[in-house]
Amino acid sequence: MGYGGSHENAAPRLDKSGDGGIDGVIDEDRLGLDRIYVQAKRYSSHVSVGRPEVQGFLGSLVGVGAAKGVFVTTSSFSAPPIDFVRHLPQRIVLIDGDRLADRMIEHGVGVRVARTVEVKRLDEDFFVEE
């Protein structure tokens, strides 16, 4: 999506237990002057993320002095956390499974082109007599 420097260094995964509720860090610019912290939850589609999980993530952001976070889930968010993040001084963006799928398709992550359709139109200049 254009964040960070190289693709490999743009969003390192922390990949450890006891990560303090932060699963990854995105450098918002090439120098790493501003960071976005990420929490990811892989839930079944019938299990929604509630306010306690988002509040826990907020606590993690406060703990590292962060102002920006993205909470991503493969499922959905219930109404309480959606309302909760609207009133915070920190900016937390909630990305549910549908929005995640849209972003993955938009940026070509985890998808392949199955079919390309070519549409042709008549080139009227070809038939102009000189």
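Every number here is computed from the coordinates shown, using simple stated rules; none is lab data. On a predicted model such as this, the values are computed, not experimentally measured, just so you know. Methodologically, a virtual Cβ is constructed for each residue, glycine included, from the backbone with ideal geometry; neighbour enumeration extends over all protein chains shown.
Structure notes:
- E28 paired with R121, simple spin-label distance in nm, labels 7 Å along Cα-to-beta-carbon: 4.1
- Efficiency of FRET between A40 and A114 - r from beta-carbon atoms, R0 30 angstrom, step 0.05: 0.65
- Nonlocal amide H pairs with A40, under 5 Å, H built at 1.01 Å: D23, V72
- The stretch 47-130: trypsin sites (Lys or Arg not before Pro) falling in loop per DSSP and having at most 10 other Cβ within 10 Å: R112, R115, K120, R121
- Residue-wise HN-Hα couplings along the stretch 113-126, as the Karplus relation 6.51 cos²θ - 1.76 cosθ + 1.60 with θ = phi - 60° gives them from phi, are 6, 8, 7, 10, 10, 9, 10, 10, 10, 5, 8, 5, 5, 4 Hz; Gly and Pro carry x.
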